[in-house]
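A.B. asks: One structure, pasted below without further comment.
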Amino acid sequence: MNFFLMYLYALIDMKKQRTFYLIIILITLTFGSCKQGSVYHEYITIEGANWYSDSVLHYEVVIEDSISLNDFYINIRNNTDYPFSNLYLFLTTEFPNGHSTRDTIECILADKNGKWLGSGSGRIKDNKIMLQQALRFPLRGTYHFYLEQGMRHEQLKGIEDIGFSIEANRQ
């Protein structure tokens, strides 16, 4: 009987060891799968999924590295109530020295047959749209990025979140 209890204790300890090693492996995989090249990533939620023409989204990015190449993306989460196949945006970039640029961007959210592009199997569709690839920041310091909807409608229904992300270029 004594031998049986010792065997049972040893078995329990082995299960604890296996559980411990399994947890360590899962933690390692979780942290190892995180985006290593993310320089900046932020979503701003559009209240009530109604983006008003006077609502300007602001992203503030502090840049210390003016040598590395970066890829710039706009991330759009729209629901299936969005009435258009595209989305025009105005992007204003303010540099650390006070200079600024303004661009008009067209984001295609559905194909010519009306099928939503991007990922997502429910009502929410997620699109990651490349703005610029392999670009260096010309200056170190704080950059301000401002996004406005440019669809000529006072209220734009169906836009849930707008994100802005910068990733290290992998080429």
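The values are calculated or read from the model by the stated rules, or taken from the named source; none is laboratory data. What you see is a predicted model; the values in this text were computed from it and never measured. Cβ sites come from the backbone with ideal geometry, for glycine too, and all protein chains shown count toward neighbours.
A.B. asks: Tell me, yes or no, whether the range 123-135 has at least one residue that is in contact with a Cys (Cβ under 9 Å, 6 or more places away or on another chain), buried (at least 16 other Cβ atoms within 10 Å of the Cβ) and over 21 Å from LEU69 (Cβ atoms).
C.D. replies: yes
A.B. asks: Could you please give the count of residues in the range 47-73 that are at positive phi and surrounded by fewer than 16 Cβ atoms within 10 Å (Cβ to Cβ)?
C.D. replies: 1
A.B. asks: Based on this model, can you work out whether ASP103 counts as assigned to a loop (DSSP other than H, G, I, E, B) and surrounded by fewer than 16 Cβ atoms within 10 Å (Cβ to Cβ)?
C.D. replies: No.
A.B. asks: Let me spell it out: the conditions are (1) at pLDDT below 95; (2) of a type outside the set (Ser, Thr, Tyr); (3) in the same structural domain as ASP161 (by TED's automatic domain parsing), and ASP111 meets all of them except one. Which number is the exception?
C.D. replies: (1)
A.B. asks: For the subset of the range 139-171 comprising residues that are small (Gly, Ala, Ser) and in a strand (DSSP E or B), which member is farthest from the chain's Cα centre (by Cα)?
C.D. replies: My answer is GLY141.
Okay, residues lined up against (1) of a type in the set (Phe, Trp, Tyr); (2) within 26 Å of LEU117 (Cβ to Cβ); (3) in the same structural domain as GLN149 (by TED's automatic domain parsing):
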residue: ILE46; (1), (2), (3): no, yes, yes
residue: ILE63; (1), (2), (3): no, no, yes
residue: ASP81; (1), (2), (3): no, yes, yes
residue: PHE90; (1), (2), (3): yes, yes, yes
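A.B. asks: Among the residues of the range 144-159, is there at least one that is of a type outside the set (D, E, K, R), over 17 Å from VAL61 (Cβ atoms) and either touching a Gly at 6+ places or on another chain (Cβ under 6 Å) or not assigned by TED's automatic domain parsing to the domain that holds GLU64 (or both)?
C.D. replies: Checked the range 144-159: no residue is of a type outside the set (D, E, K, R), over 17 Å from VAL61 (Cβ atoms) and either touching a Gly at 6+ places or on another chain (Cβ under 6 Å) or not assigned by TED's automatic domain parsing to the domain that holds GLU64 (or both).
A.B. asks: Does the range 97-148 hold any residues that are of a type in the set (Ser, Thr, Tyr) and without any contact (Cβ under 8 Å) to a residue 24 or more places away in the chain, and which are they?
C.D. replies: Correct list: SER100, THR101, SER119, SER121.
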